[in-house]
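Remarks on the structure that follows.
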Amino acid sequence: MTRIAVVNPNTTASMTTTIGHAARLVAGPGTEIVAVTSSMGPVSIEGYYDEAFALPGLLHEIGKAEHAGMQAAVIACFDDTGLDAARAMVRMPVIGICEAALATASFIAKRFTVVTTMERSRVPIEELVQRYGMAGRARVRAANIAVLALEDPNSGARDRLRNEIVRAIAEDNAEAIVLGCAGMADLAQTLAHEFGMPVIDGVGAAVKQAEALVALGLGTSKRGAYAPPVAKPYLGALAEFAPA
Ligand code: 5HY
């Protein structure tokens with residue numbers, strides 16, 4: 001049995017339910033998905049400040065997952081919040097949904113557009129697009145949706161998402177769409193059918209990538225960049241996070 005922890009770094013349990021459902025929809029018959037909500041930090045991650053304060057809760061859950069015998073972890077936030085710190089902390093593979101979604105899109109389309117929530121989320125994701133080597137192929141749009149509006153079917157968020165996809169097709173000549181928020185994970189199939197084109201959910205993409213790495217017997221390299229953190233005291237409220 002392959003056991004994969006899918007960690008929502010924000011503290012909204014209903015979004016974790018959406019994420020867990022999307023993960024289980026694509027997981028193989030031999031995979032167990034354990035969906036986890038961070039216990040401390042922002043209820044939604046919208047920009048750099050929220051990202052920073054999501055880290056302790058995220059890293060706490062990633063460490064717990066490895067100690068509980070999970071074989072891989074997915075960070076279910078499209079900012080790939082804390083991805084490098086998590087990889088330095090554990091030996092199991094850790095997959096960010098943005099990196100997994102962009103890689104997946106690159107296998108099926110030359111040009112694709114990420115449609116995320118808010119303008120303040122767009123620039124951090126553009127930086128990830130650059131970092132992951134997709135700058136020439138991926139555009140990033142914001143649909144002007146608050147992250148938690150995706151949890152409310154009456155918020156009009158889905159219509160705004162659809163309208164931005166229409167603009168991505170018309171103006172970017174997008175050949176595929178990447179959903180730029182974990183909270184959109186349940187919309188991929190419907191939107192793909194509606195628009196007659198590939199629509200990629202990062203949660204599903206990350207789960208399949210995690211399964212592949214476990215099947216290949218690959219974990220995070222502990223040499224160089226992701227070597228274990230140097231043991232030292234951490235003072236104050238973060239003392240529990242001190243590397244042993
Ligand atoms: C996410 N925020 O996937 C990101 C998306 C965003 O709470 N979960 C969040 O809009 O930055």
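The values are calculated or read from the model by the stated rules, or taken from the named source; none is laboratory data. Owing to the predicted nature of the structure, the values given are computational and were not obtained by experimental measurement. Counting neighbours? That spans all protein chains shown, and the Cβs are built from the backbone with ideal geometry, glycine included. The area values use the complete protein model at the heavy-atom level, side chains included, leaving out ligands, DNA and RNA. Shrake-Rupley method; radii C 1.70, N 1.55, O 1.52, S 1.80 Å.
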### Query
Lysine pairs in the chain 8 or more apart or on different chains: how many have alpha carbons under 22 angstrom apart?
5
### the chain: Rg to Rh, with Rh as the Kirkwood radius over Cα pairs
0.96
### Query
Counting only protein heavy atoms, what percent of the accessible surface of the chain is carbon or sulfur at a 1.4 Å probe?
56
### Query
Between ALA142 and residues 5 or more places away or on another chain, which pairs have amide H atoms under 5 Å apart, with H built 1.01 Å from N, and which residues are they?
THR116
### Between helix 97-106 and the chain: long-axis angle, C-alpha atoms, 0 to 90°, nearest 10
50
### Query
Dipole magnitude of segment 139-244 about its Cα centre, charges +1 at Lys/Arg Cβ and -1 at Asp/Glu Cβ only, in debye to the nearest 20?
500
### Query
Roughly how tilted is helix 48-67, in degrees to the nearest 10 and between 0 and 90, from the longest Cα axis of the chain?
60
### Task
Find the relative contact order for segment 1-145 and round it to a whole percent, using C-alpha pairs within less than 8 Å whose residues are 6+ positions apart.
21
### Task
Take the Cβ-Cβ distance between VAL34 and SER155 as r, set R0 to 41 Å, and report the resulting FRET efficiency rounded to the nearest 0.05.
0.90
### Query
Binned at 5 Å from 0, what are the whole-percent values of the Cα-Cα distance distribution for segment 26-171, short to long?
2, 9, 16, 19, 20, 17, 12, 5, 1, 0
### Query
Given a cut-off of under 8 Å on Cα pairs at least six residues apart, what relative contact order in percent is computed for the chain?
22
#### Entry: Pairs of alpha carbons in segment 1-78 whose separation is greater than 17 Å (percent)
41
### Mean accessible surface per residue for the chain, computed with a 1.4 Å probe while every protein chain stays in place, in Å²
46
### Query
Mean separation of Cα pairs under 8 Å and 6+ residues apart, divided by the residue count of segment 116-244: what relative contact order is that in percent?
15
### Message
I'd like the Karplus ³J(HN,Hα) series for segment 155-171: coefficients 6.51, -1.76, 1.60, θ = phi - 60°, whole numbers in Hz, and an x wherever there's a Gly or Pro.
### Response
7, x, 5, 5, 5, 5, 5, 4, 4, 6, 5, 4, 5, 5, 5, 6, 9
### Task
Mind checking which of ASN163, GLY196, ALA176 is farthest towards the positive end of segment 98-201's charge dipole, using Cβ charges of +1 (Lys, Arg) and -1 (Asp, Glu) about the Cα centre?
ALA176
